[in-house]
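The values are calculated or read from the model by the stated rules, or taken from the named source; none is laboratory data. Because the structure is a prediction, the values reported are computed rather than measured. Counting neighbours? That spans all protein chains shown, and the Cβs are built from the backbone with ideal geometry, glycine included. For the accessible areas, the whole protein counts, side chains as well, though only heavy atoms, and no ligand, DNA or RNA atoms are used. Shrake-Rupley method; radii C 1.70, N 1.55, O 1.52, S 1.80 Å.
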Amino acid sequence: MNIYSEGVEILRKGKKEQVVVNNWFYVQEQKMEIIQNLTKDKNFIVNSPLGQARILKELAEVIKLELPAGSVFAGTQDVAFSPSYALINPAFKVESFGGYCDPCAIYDDVVIEGDITVERVEKVRKFYRDDEYASQLFTHYDNYEKAISEVVFFMEPVTGHTIPDVRPFLSNGVLAMQAKCSDSDFGKAMKTALDAVLILGERYCKLAITEAEKATDKNEKIRLTQMAERLERVPAQGAKNLAEAIQMFILLWEVMVLEQAPNPYAFSVGNMDRIFAPYMAGTTFEDAVAYFRHLLAFFIVGSRGWAISQNIMVGGSDEHGNDLSSDATYAVLEAFFISNDPQPALSAKIHKNTPDKFYQELGRFFATPGHSTPSLFNDDSMFEMLRKQGIAESDLAFYSIAGCQEPLIMGKSSLNTTNTWLNLGKILELTLNNGYSLISGKKLAPDFMELGYNSQADVWNNLEEAFWKMLDFFLPQMAAAGNGCTAILGNNKMVPMTSIMHDGLKFDRDMRDPENPGITYNGSGCLIHGLSVVADSFYAVQKALPIFGYEKISAALKADYQGFEEIQEFLQNQDKYGNNIDEVDVIAVRVAEKTAKKVAALKNNAGNNYCADFSTPSTHLLYGYWVGATPDGRNSRKMLGYGIDPRPESCSAPLQSRIISARKLPFYLMNGGYASHIGIPCQGNSLGNAGEWMRDRVIKPLFAITDNSEVPYYVYFNLDSTEYLRKILTNPKLYVPSGVYIMRIHGTFVNFLDLSSAIQEDIIQRLEASAI
Amino acid sequence: MRIFSSGWSDNKDGPGLRYIIYCKGCNLNCCYCGNPESINYDIEVLRYKERDSKVDLAKCCQHNSDCKNCRTFECVNVYRHRQMELVGEDLPIGTIIEKIQSMRHMIDGVSIGGGEPTLQINEVLELIKELKNLGIHTAIESNASTANYQKVLGVVDYLISDLKAGTDEGYKKITGQSNAAVKTNLRAAAKLQKDFLIRIPLITDYNTSEIELMAMREFLLELKSLHGGELSVQTLRLHHAGLVKYQALDRDYLLQNAVPPSVEFQKNFEDLLRKDGFDILSF
């Protein structure tokens, strides 16, 4: 083992022992003091690009720096993240989810210990609660209380789900990039923000020298000395080799998350292999793997490495179909394979010319029980979808994934990916119940007259049409709610640092500017929930109405089927979407198509379109909790379907039939992304050559471009036996001595043992419903 | 074409991942049959009484549960009653082809099984022709006992044929019929069919005696000789997966208590054949 590999093991061990994650709080407290000090000058404007950049620069001067044992590179994300960032954490409870309405709820995460007192925490909380941003946000959420209380829709202030382009920095260095900034206020703000990177570099350099002098371990001394030598050059100058490039990347990243702390949005890396490929010369494969493992460890926050949706991609093709994998691709894959940590997430790009070697490498991940498995993106299909969105040919190959599965162009997109959340299940419920909620009994929506019908019977007889009318009622509200969040964020929290890593130099404007964003590709996201429940319900109502009549079915829904078991069974037994039954699949296609088009017709503050994203990052559980019984036979408060997938209990067809069913959907209208999962209910090591098996039996059948039809561009897998997962839960210490058993849940890796029971059960149920 | 089921087969009914169509109707009535619903050509309803249902079957049926005389099958077609399953569907060849084309990119071929596919020889030949026109690999699984059997020789790409017993007595015990036609057909296939697999079901007390095994071995050697000195053979052990379907059809399953041959027994027989130069396929 070389000294870098030795170092990463020491570093990872230290991270695993880091149970308390309070660093972000100290940083927020320091930031508060900086703001209080700066605002003594009445000319200082906090909520301005220059103001934000100045605060960032001063923070870089004062935040406490550490170089944990084993480090090869200096830098951390601990300054920015708290455990509650990750929705998928052990404290997650379907019943108590409150959304992201309260930007100060994060202070509940502080562990009161040592010098941190309750009073100290409350003082900081109060400071931020009283600022313009939080005040405006609270008022805004209050205005939409009626719709969001039972999540007909939801909204949040985001623009940070992006993929910065670090490449110009790596090749030129920060000084050269500063020289490119204009003399405008925003140019000065970007330049000032970059000072923060230089300051951190200098401070880390001094610290590394000091620590190297003190180090008694020979290897530790070498690592620290080399670190200091690198920091003499980077980030100020361009990187000359892989180690310098990674060091620069980490410092840029730290300042970028610091700028948006606490709990920044999901910055993702993009094609890590392509970013670093130009710097591979002169570095052995073994060293490269060790360096990449250090870089992966940088993304881990806290002992369990909560999934914070930072996505790393490898592989893929250019716009002509030429494969772009390289030695760096395989070094990154090797690093992931050895480390097997729950964070960051790995995604692989597949295309028609993907080499067998790439599949073989992926096969190792699939074949190892409890190992992370990459989610897959289909370049051949993705490029077509992006072309239809007007993405330039030269940008296609640089699509990257922000967070879980939302495609953006590296350095050129700000799509506010999770700006709004739409609950089709709730809209169906309100349509069927004359505008009243089955959960609370409150009237939340128009009644039949307001929808233009003569009776509720008319609504049932024209259910699909009435549903679209109800959706049309809510969509403008949702867009206004989302746009309000975007404006509040953009007008209060400018991001000159993040902007310069996007199109800041090109537009000389903040990428968060609500009405005139300084970015090539702008839009707003809408995550659409409940596709399968709505489609299956439409079909079931068609079949049930002639037999039972609407009053009886309606009574059954109101009673959550108690006393109406025959009707529930009838509804459950009707054909369901996802089993390659055309009659019902075609309804799902129609629901997806019409919803996507309606969402895409909405405009954000900048006049750009909303993007239809059929993703439900565990929110199919949360949003299902607020939806009463539905005519597909689903009971009240039960989960909706995950992403575009059928509900687990609705799907009995073999894998191949499910693939055919899925391929019918209008993927090119899902321009914001979509979520889909395939469960392989056996351990990957029983598949023989797992890479080949996955390629021939799953990946190619799902992804192949066959005709003019729209083809899936995303999928993730879980391969495991449900019996084994249940065994693990009964005695984790016996079956998983390491304490880490990685599974996938939506776009991220998770430690299965750390999940709440609701999500563990979701994973198992979806595997149980799978068939090969 | 009347089928009773369709599905997917991964290297079990021909090479690679295949879409398989099961024809309804069989001229034999083998005691071990795992798909008893395949035997009768008529469309039938199976009732799985063990399946929990809260729906009163009488409410979904205008025929007082007289399934044998029912032709509307409302219990299935309208109510989708959990206990009831309709077996048998008439599909035009064009419809089958259309379906196959939607999955063409994901399959290595199409297999036609049953029941006995050669009983619907016109439809089978038409289907094979259409599939070959599309460049799709074809396979047939047959009991090799019908007069039509030889019509598929050299036409289908891959032919899987049963050898259920070595002696005429053994064959009669299993099927109720003589094996004379089977032997004639298999000899013809050995001469004319390039990709050809003999499938031997190992049925305890029916074809597992030394006499039966040796008789099958002797006949296989003859076939091998006719097939240019090489022949692929597959053995399958008796299983009782069809039991629930016998119960759902309200039919007796005579082998319910038969103990399947051991894995070791199967291996020993395969080793013997292997020594004789047969290519033994294991799934």
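Assorted remarks:
- Odd one out for A:Pro701, checked against (1) crowded, with 21+ Cβ neighbours inside 10 Å; (2) touching a strand residue (DSSP E or B) at 6+ places or on another chain (Cβ under 9 Å); (3) on the phi < 0 side of the Ramachandran plot: (1)
- Candidates B:Ala248, B:Ala241: the one that is over 23 Å from B:Asp168 (Cα atoms), buried (at least 20 other Cβ atoms within 10 Å of the Cβ) and out of contact with any His (no Cβ under 9 Å at 6 or more places or on another chain) is B:Ala248.
- Selection of the stretch B:50-60 for residues being within 26 Å of B:Arg2 (Cβ to Cβ) and under 31 Å from the mean Cα position of the chain (by Cα) yields only B:Arg51.
- Candidate set from the stretch A:667-709 (those that are of a type in the set (Asp, Glu) and either part of a helix (DSSP H, G or I) or more than 14 Å from chain B (Cβ to nearest Cβ) (or both)); member that is farthest from A:Trp421 (Cα to Cα): A:Glu692
- Of the listed requirements (1) closer than 19 Å to A:Gly302 by Cβ; (2) surrounded by fewer than 16 Cβ atoms within 10 Å (Cβ to Cβ); (3) modelled with pLDDT of 95 or more; (4) not β-branched (Val, Ile, Thr), A:Gly75 misses just one: (2).
- Matching entry among A:Glu583, A:Glu593 (being more than 14 Å from chain B (Cβ to nearest Cβ) and either on the phi < 0 side of the Ramachandran plot or open to solvent by 10 Å² or more (accessible area, probe 1.4 Å) (or both)): A:Glu593
- Selection status of B:Asn11, under 27 Å from B:Val182 (Cα atoms), away from chain A (no Cβ under 12 Å) and either at pLDDT below 90 or open to solvent by 50 Å² or more (accessible area, probe 1.4 Å) (or both): no
- Among the criteria (1) away from chain A (no Cβ under 14 Å); (2) part of a loop (DSSP other than H, G, I, E, B); (3) open to solvent by 80 Å² or more (accessible area, probe 1.4 Å), the one B:Lys68 does not fulfil is (2).
- Some residue of the stretch A:480-502 being surrounded by 22 or more Cβ atoms within 10 Å (Cβ to Cβ), under 17 Å from A:Glu429 (Cβ atoms) and in contact (Cβ under 8 Å) with a residue 60 or more places away in the chain: no
- Hits in the stretch B:17-42 (condition: open to solvent by 10 Å² or more (accessible area, probe 1.4 Å) and either in a strand (DSSP E or B) or within 12 Å of chain A (Cβ to nearest Cβ) (or both)): B:Tyr19, B:Tyr22
- Flag for B:Tyr253 being under 30 Å from B:Asp66 (Cα atoms) and assigned to a helix (DSSP H, G or I): no
- Strands (runs of 3 or more DSSP E) wholly inside the stretch B:103-214 containing at least 1 residues that are aromatic (Phe, Trp, Tyr) and surrounded by 17 or more Cβ atoms within 10 Å (Cβ to Cβ): B:158-162, B:195-202
- Subset of the stretch B:43-56 [away from every other protein chain (no Cβ under 14 Å), open to solvent by 10 Å² or more (accessible area, probe 1.4 Å) and in contact with a helix residue (DSSP H, G or I) (Cβ under 7 Å, 6 or more places away or on another chain)]: B:Glu44, B:Val45, B:Arg47
- Test: A:Met694 is open to solvent by less than 30 Å² (accessible area, probe 1.4 Å) and modelled with pLDDT of 95 or more: no
- Tally of residues being open to solvent by less than 60 Å² (accessible area, probe 1.4 Å) and within 12 Å of another protein chain (Cβ to nearest Cβ) across the stretch A:548-577: 13
- All of A:Ser372, A:Ser347, A:Ser381 fail the test of being open to solvent by less than 10 Å² (accessible area, probe 1.4 Å) and either free of Cβ contacts under 8 Å to residues at least 24 places away in the same chain or part of a loop (DSSP other than H, G, I, E, B) (or both), apart from A:Ser372.
- Just so you know, in the stretch A:503-523 the residues that are part of a loop (DSSP other than H, G, I, E, B) and in contact with a Pro (Cβ under 8 Å, 6 or more places away or on another chain) include one that is most open to solvent (accessible area, probe 1.4 Å), and it is A:Arg509.
- Checking A:Asp287 against (1) part of a loop (DSSP other than H, G, I, E, B); (2) surrounded by fewer than 24 Cβ atoms within 10 Å (Cβ to Cβ); (3) more than 26 Å from the chain's Cα centre (by Cα), the condition it does not meet: (1)
- Breaking point among (1) within 14 Å of another protein chain (Cβ to nearest Cβ); (2) in contact (Cβ under 8 Å) with a residue 60 or more places away in the chain; (3) more than 19 Å from B:Asp157 (Cα to Cα); (4) not in a strand (DSSP E or B), for B:Gln62: (2)
- Positions within the stretch B:77-91 being touching a residue at least 60 places away in the same chain (Cβ under 8 Å) and either over 18 Å from the mean Cα position of the chain (by Cα) or open to solvent by 50 Å² or more (accessible area, probe 1.4 Å) (or both), in sequence order: B:Glu85, B:Glu89, B:Asp90, B:Leu91
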